[in-house]
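Input: a single structure, listed below in C-alpha cells.
The values are calculated or read from the model by the stated rules, or taken from the named source; none is laboratory data. This structure is a prediction, so every number in the text was calculated from the model and none was measured. Counting neighbours? That spans all protein chains shown, and the Cβs are built from the backbone with ideal geometry, glycine included.
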Amino acid sequence: MRYLPSSPVEDQALLDAIGVPAAESLLAGIPEALRLGRELDLPEGGSEQEVAWQMMGQANRNMRFCAQFLGAGAYDHFVPSAIDALISRQEWFTAYTPYQPEISQGTLQHIFEYQTLICDLTGLEVTNASLYDGGTACVEAALMAVRVAKKRSTVLVSRGLHPMYREVLKTNFAPHDDLHLVEVGLKDGVTDLADLAAKLNGDVAAVLVGYPNFLGAVEDLTALAAPIHAAGALLVSVTQEAFAFGWFEAPGRAGADMACGEAMSLGNKPNFGGPFLGFLAVKDAHKREIPGRVVGQTKDLEGRTGYVLTLTAREQHIRRDKATSNICSNQGLVALRANIFMHLAGPAGLTGLAELNAAKAQHLRERLLELPDLEPVFDQPFFNEFVLRYQGDYAALEAACLKESLLPGLDLGRFYPEYQGCILWCATELHTRQMIESLVEILARVPVLAEEV
Amino acid sequence: MFLRQREPLSFERSVPGKRGMDLPKADVPAARDTRPAHLKRSGFAALPELSEVEVIRHFTRLSKWNYGVDDGIYPLGSCTMKHNPRLNEKVAGLPGFTDSHPMAPDALVQGNLELIYDLQAWLQEITGLPGVTLQPSAGAAGELTGVMLIRAYHVSRGAKRRVILIPDSGHGTNPATAAMAGYEVVELPSLPDGTIAFDDVTDPASGKTRKGLRTLVAELGPEIAGAMITNPNTVGVFEYRFKEVSDLLHSVDALVYMDGANMNALVGVARPGDFGVDVMHLNLHKTFSTPHGGGGPGAGPVCCAERLMPFLPVPVVVRDTVKVGEGEVPRHTYRWDWDRPESIGKVHTFYGNFGILVRAMTYCLSHGSDGLKAATLRAIVNANYIRVRLKGAYSLHIDSPSLHEVVFSDTLQAKHDVHTLDIAKRLIDHGYHPPTIYFPLIVPGALMIEPTESEGKDELDAFCDTMLQIAREAEENPDLLHQAPVLAPLRRLDETTAARKPVLRWTKP
C-alpha cells in the first residue's frame, strides 16, 4: 500500500521497541468477542492508475451539457484559474482548524480578510469563518434570532425561501416542541405583506425572506422591515446567489438585521450540491450569539499584529451543552476559494459580473417571451433567474433540450403546486448569445420534436 | 520553513483602478435597470483592488505561515491528520463531477448516484450497520442527524424521551448536539482510563459522589433516549465493556450513539454494528483521508441499525436492476427515493459535501480491504511506539497499550513550572505542529498525540527525539519553554484582549 511507510525491517524494529511480537498483539484491549474475526468483504486495493481509470469512468457516466439554464440554488459561474492553483498548496488544504495561532497565521489572516469581505457584501458588522450551506445557515440564523429575541418562540418563513432551505429548517425545528415555524404566503412572486401582517405578533422572533427569493424576484427589504421591526422582530435576509450582492443593495443597508445564505457562487462549481458555503452576518450588538468559529485581531508579545480564534466562550468545546451551536469543522477551504474570488474580482469585477448576469437573464427572458407558448407570471425586478409559464408539456421540453445537450430550467410545479406549468430559468455570464439562441430554437420546435420521439 | 517577512492585510495594498479579473465582452444588450432606487447596490467599502499576480502572491505568502501535513507529522489527537493523497484531489476535480447540477434529472447523474450507492456499501461493511446517509457535512452535523434519528425512533414509539447520557470524557460537540436536538444532557462519570463508570464514583478530594451508569439507568430508565459514546474513547482506550453498556441501555429501550471520530483505530478490526451500536457517525476528513482544508469541508456520514432506517434523511439512493438476457451481467440504474414518510427530512440543502465523498471513495478503492486494515494496524503501532519512547520523560496517563492515540500530561514538567502550553509552543520552535492540548478534560494538562499510519519510523524518531529534548530543556532551561515560540512568525498572542475588545474585520482607517 503506497500510502503506508511499511517495510519488513522497520516494521519489525517498531514492534521490537514496543515489545510485542505482532501488531495484532496491540489489539488486546478489544475483547475477542467484539473483534471482526475475518477480513472485510470488500475488493482489494488498486494502483493509482487503476483507481484513476475507474473514477474517470464513473465521472463519465454523468451527462455533460453545453449549457445549463438551471440555477435554483446551485449556480454555474466561471472559476478563475488562480483559485485551484492556490488552494492546491498543501499549506492551505492539508492544515486543520487554526488551534495553534503561531503556526496558523496564514489561515487566521485569510479568515479575518474573508470575514471583512462577507461583512462588506452584506452591509453587516460581524460574521464567522463559514457554515455548511444555505439551508443549515438558515437554521443557525433562526436559532440565533430566537436567542437574541428572548422569550419569543415563533419564526416566520416566507414561502419564497428556497424549498430545500425550508425543508432543512423544518427538520431542525422538529425536535424543539417550544419553537414554531410558520410559513408566510406569496403574492405576485414576493412575500405577501397582508399575510405577513396577519402573522406578526409579540411571539415572532424573526422573519426569513429570500433576497432575491427562489422565484428570482427581489423582496423589498425596506418595505418588509417596517412592520417586522414595529412588531419587535428581526428581519433575516436569505441570499442563495451571492452574485446578487453586486446588483442589489447590501441587505444590512436595506433593512435586514441578519443576512445568511449560500455563497458557493464565489469561486465554486455546482459539484452536485456540495461542498458549498453557508454564511451568516449579524449586527455588532449580537456578536456574542453568533455560532461557529470567529477570528479576531490581536497583538503578540512583541506588539506585532496577529490573529486568533476568538469569542470561544460561545463554542461547544468550552460551553458544551450551553454552546451557541454544535458546529466545529466548517467549510474552511470553500471560504478560502470565495475569499480569493472576491480578491480577484474586486469592486469592479463583482459589479461588472452582476451587470452581465442581469443582462444575460433579461435577454434570455425577452427571447423566450417571443415564443408563443411562454408567458410572464408576475412582474418583479429580478437578477439572473425568473419564472415563465409554459403552455406545453415540460417533459417534452426537457427531452428536446437534453437531446441537444442543454439543461433546461426547473419545473417549478415540483415544489410549488400553485406554479404548476411554470419554469424557473437562469442565465449567468457563462451563457453566450449563441447558447440562448440555440435554446430558443429548440423550444420553438418542441411540439415537432416531441412527435419525433 | 516559515516566511519571515510580514504580509499586510490585502486591503492595505489596494490601489484604485487595479483589477485581477477581466470580464467577457457583452454579447447581449446592456441590462435595463428595473431596481427600485433604494435597492440599488450602493458600492463596497473593503473589496480590494489588486492585480492577479498580487492576489496570487498575497495568498502564497500567507500560506507560508501555515503548517501542513506535507511539512511533517501533524499529531493533533482526535483529528487524524493523515496523508491526503493527490489522486483524490485530481479525481474530485474531474469536470464530470464538478459540473454536475444537484437538480439535474437522475438519469443524467448516474455516475454520482452510483458513487453514493457504492460508498454507502463500503461504509455498511466497515461499520456493520445497514443504514447509511452521506448528507451530513461534518462530524457535528452527523451527530445531530444521529440524535434526530434516535428522537424519531422514540416518537414513533410514543414519546421522544428527555435525556441523553454523555461521558465527561466526550467531545464538546456531543452535549452541544444533544441540546440542539432538544435533549437534556446528563453527564456520565468516566474512570481514569476514560471508560464509562458503571458504579457511582466518589471523588476522594471533595467527597462528592457522581452517579454511575447503573444508577442512572435505574433512576431515569424510560426518560433516557440514548447515550453518546466515543469509542475508542478520547484516552485512546477501547470501551471494553461496550457490549454490557449497550445491553444495559437497550434494557430500557435507550439507544446507543457511537461518536466515530476515532474510527481510524477500528476499520477492518472491529465493527460497531457487532457490539450493539444503533447509530454512529464517521468523519471522512479523519478516517478516510479527505483533507481538513484549514477547518473543512469535511463529511460526517451516519450509519444506523435497521430499526432506524425508516427515519434516515431524504432522499435515499436506490439501485434498480435492469432485466437482461440469460447469462448476461445484470445492469443497474440508480435513482433518488424522496417518498419516505417516516424520514426526519433533509439535513443538507442537497446531498452533502459530494466532492468530499468522491475523495473518500477514491481512498477506499486505493486501500481495499487489505489496505484499510493495514492502515489501522499501522496507526496503532505508531501510537504505541511514541508511547514507549516518551514514557518516563512525560507522565503517561494510562500505562497500558493504547490504540491509535496516546495521552500524556505535564505532571513531570510542572515541578519546573513548565506546563502543557509551554511544551506545545516549544514544539513549534522545533518545527512541529503541537498535539491536541488540554483535551480530554478528564486528564489535567493533557497532551494527546495521534501520529496516524502515515508516519515512517524516521519521522516518528525525529519527533520523539524532539519531545525528549524538550523534556530536558524543561529541567535545564525552563525559560526557553516559557518564551516559546521564538522562531515562528509571531510570538504568543494575546487572546484575552482579542476576546475582550473584539476586532473582527478590517475597517478603512
What number of residues within segment B:374-399 are buried (at least 20 other Cβ atoms within 10 Å of the Cβ) and either among the hydroxyl-bearing types (Ser, Thr, Tyr) or within 23 Å of the chain's Cα centre (by Cα) (or both)? 14
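Have a look at A:Ala358, A:Ala427, A:Ala348, A:Ala335 and point out the one that is in contact (Cβ under 8 Å) with a residue 60 or more places away in the chain, within 30 Å of A:Trp92 (Cα to Cα) and aliphatic (A, V, I, L, M).
Numbers: A:Ala358 fails: within 30 Å of A:Trp92 (Cα to Cα); A:Ala427 fails: within 30 Å of A:Trp92 (Cα to Cα); A:Ala348 fails: in contact (Cβ under 8 Å) with a residue 60 or more places away in the chain.
After applying the criteria, what remains is A:Ala335.
Okay, residues lined up against (1) assigned to a helix (DSSP H, G or I); (2) under 22 Å from A:Gln54 (Cα atoms):
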{"residue": "B:Lys346", "(1), (2)": "no, no"}
{"residue": "B:Thr349", "(1), (2)": "no, no"}
{"residue": "B:Ile356", "(1), (2)": "yes, yes"}
{"residue": "B:Cys364", "(1), (2)": "yes, yes"}
{"residue": "B:Ala374", "(1), (2)": "yes, no"}
{"residue": "B:Arg378", "(1), (2)": "yes, no"}
{"residue": "B:Asn384", "(1), (2)": "yes, no"}
{"residue": "B:Ser395", "(1), (2)": "no, no"}
{"residue": "B:Pro401", "(1), (2)": "no, no"}
Counting only residues in segment B:103-117 that are at the interface with chain A (Cβ under 7 Å from one of its Cβ atoms) and within 17 Å of B:Cys364 (Cβ to Cβ), the one surrounded by the fewest Cβ atoms within 10 Å (Cβ to Cβ) is identified as B:Glu114
Name every residue in segment A:149-184 that is modelled with pLDDT under 95 and assigned to a helix (DSSP H, G or I), in order of residue number. A:Ala149
Please work out if B:Pro444 is touching a residue at least 24 places away in the same chain (Cβ under 8 Å), under 27 Å from the mean Cα position of the chain (by Cα) and surrounded by fewer than 17 Cβ atoms within 10 Å (Cβ to Cβ). yes
The strands (runs of 3 or more DSSP E) lying entirely within segment B:272-335 that contain at least 2 residues which are surrounded by fewer than 16 Cβ atoms within 10 Å (Cβ to Cβ) are B:316-322
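On the basis of being under 30 Å from B:Val503 (Cα atoms), in a helix (DSSP H, G or I) and more than 7 Å from every other protein chain (Cβ to nearest Cβ), does A:Arg319 make the cut? Steps first, please.
Working: under 30 Å from B:Val503 (Cα atoms): yes; in a helix (DSSP H, G or I): yes; more than 7 Å from every other protein chain (Cβ to nearest Cβ): yes.
Spelling it out, A:Arg319 is indeed under 30 Å from B:Val503 (Cα atoms), in a helix (DSSP H, G or I) and more than 7 Å from every other protein chain (Cβ to nearest Cβ).
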Quick test for you: out of A:Ala22, A:Ala13, A:Ala17, A:Ala28, pick the one residue that is within 30 Å of B:Glu244 (Cα to Cα) and at the interface with chain B (Cβ under 7 Å from one of its Cβ atoms). A:Ala28
Some residue of segment A:203-218 being in contact (Cβ under 8 Å) with a residue 24 or more places away in the chain, among the charged types (D, E, K, R) and buried (at least 20 other Cβ atoms within 10 Å of the Cβ): no
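Looking only at residues that are surrounded by fewer than 20 Cβ atoms within 10 Å (Cβ to Cβ) and either at pLDDT below 95 or at the interface with chain B (Cβ under 7 Å from one of its Cβ atoms) (or both) in segment A:292-313, which one is nearest to A:Val126 (Cα to Cα)? Lay out the reasoning, then the answer.
In the first step, residues of segment A:292-313 are kept if they are surrounded by fewer than 20 Cβ atoms within 10 Å (Cβ to Cβ); the result is A:299, A:301-305, A:312-313.
Filter once more, so that each one left must be either at pLDDT below 95 or at the interface with chain B (Cβ under 7 Å from one of its Cβ atoms) (or both): A:299, A:301-302, A:304, A:312-313.
Details: A:Lys299: 20, A:Leu301: 26, A:Glu302: 28, A:Arg304: 23, A:Thr312: 15, A:Ala313: 16 Å.
Among those residues, the one meeting the criterion is A:Thr312.
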How many residues does segment B:341-358 contain that are more than 7 Å from chain A (Cβ to nearest Cβ) and touching a His at 6+ places or on another chain (Cβ under 9 Å)? 0
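Out of all the residues in segment B:80-102, is one or more over 36 Å from the mean Cα position of the chain (by Cα) and buried (at least 18 other Cβ atoms within 10 Å of the Cβ)?
Pass one, segment B:80-102, residues over 36 Å from the mean Cα position of the chain (by Cα): none.
Scanning segment B:80-102, I find no residue that is over 36 Å from the mean Cα position of the chain (by Cα) and buried (at least 18 other Cβ atoms within 10 Å of the Cβ), so the answer is no.
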For B:Glu455, are the conditions met, namely being part of a loop (DSSP other than H, G, I, E, B) and among the acidic types (Asp, Glu)? yes
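I'd like to verify a number: residues in segment A:372-389 that are buried (at least 23 other Cβ atoms within 10 Å of the Cβ) and farther than 30 Å from B:Leu39 by Cα, how many?
Here is the first cut: in segment A:372-389, the residues buried (at least 23 other Cβ atoms within 10 Å of the Cβ) are A:382-387.
Next cut, farther than 30 Å from B:Leu39 by Cα only: none.
Result for segment A:372-389: 0.
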If only one of A:Glu140, A:Glu125 is facing chain B (nearest Cβ under 9 Å) and not basic (Lys, Arg), which one is it? A:Glu125
Being under 22 Å from A:Asp379 (Cα atoms), surrounded by 24 or more Cβ atoms within 10 Å (Cβ to Cβ) and out of contact with any Lys or Arg (no Cβ under 8 Å at 6 or more places or on another chain) is the filter here, so list the residues in segment A:243-278 that pass it. A:Ala244, A:Pro251, A:Ala254
All positions within segment B:243-271 that are assigned to a loop (DSSP other than H, G, I, E, B) and either touching a residue at least 40 places away in the same chain (Cβ under 8 Å) or farther than 24 Å from A:Glu44 by Cβ (or both): B:Ser251, B:Val252, B:Asp253, B:Ala254, B:Ala261, B:Asn262, B:Leu266, B:Val267, B:Gly268, B:Val269, B:Arg271
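Restricting the search to segment A:79-96, which residues are in contact with a Pro (Cβ under 8 Å, 6 or more places away or on another chain) and in contact (Cβ under 8 Å) with a residue 24 or more places away in the chain? Show your work before the answer.
At the first step, the residues of segment A:79-96 found to be in contact with a Pro (Cβ under 8 Å, 6 or more places away or on another chain) are A:93-94.
A:Phe93, the sole residue that qualifies.
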What single numbered condition from (1) touching a residue at least 40 places away in the same chain (Cβ under 8 Å); (2) more than 9 Å from every other protein chain (Cβ to nearest Cβ); (3) crowded, with 18+ Cβ neighbours inside 10 Å fails to hold for B:Ala197? (1)
B:Val267: among the aliphatic types (A, V, I, L, M) and either under 24 Å from B:Leu188 (Cα atoms) or more than 9 Å from chain A (Cβ to nearest Cβ) (or both), yes or no? no
Note: among A:Gly392, A:Gly421, just one is surrounded by fewer than 23 Cβ atoms within 10 Å (Cβ to Cβ), of a type outside the set (D, E, K, R) and at positive phi, namely A:Gly421
For segment B:450-509, the count of residues that are in contact with a Ser or Thr (Cβ under 8 Å, 6 or more places away or on another chain) and at the interface with chain A (Cβ under 7 Å from one of its Cβ atoms) equals 12
Can you find a residue in segment B:40-55 that is within 27 Å of the chain's Cα centre (by Cα) and either of a type in the set (Lys, Arg) or crowded, with 18+ Cβ neighbours inside 10 Å (or both)? no
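So which residues in segment B:153-179 are within 10 Å of another protein chain (Cβ to nearest Cβ), over 25 Å from the mean Cα position of the chain (by Cα) and not in a loop (DSSP other than H, G, I, E, B)? Show your work before the answer.
Keep residues of segment B:153-179 that are within 10 Å of another protein chain (Cβ to nearest Cβ), which gives B:155, B:160, B:164, B:166, B:168, B:170-179.
Add one more test, that the residue is over 25 Å from the mean Cα position of the chain (by Cα), and what stays is B:155, B:160.
Within segment B:153-179, just B:Val155 meets the criteria.
So which helices (runs of 4 or more DSSP H) are wholly in segment A:30-93 and hold at least 2 residues that are of a type in the set (Phe, Trp, Tyr) and at negative phi?
Numbers: elements: A:48-60, A:81-87, A:90-93.
Helices (runs of 4 or more DSSP H) meeting the threshold: A:90-93.
Take the conditions among the aromatic types (Phe, Trp, Tyr), under 22 Å from B:Ala140 (Cβ atoms) and in contact (Cβ under 8 Å) with a residue 40 or more places away in the chain and apply them to B:Tyr240. Does it pass? Talk me through it step by step, then tell me what you get.
Values: among the aromatic types (Phe, Trp, Tyr): yes; under 22 Å from B:Ala140 (Cβ atoms): no; in contact (Cβ under 8 Å) with a residue 40 or more places away in the chain: yes.
No, not satisfied.
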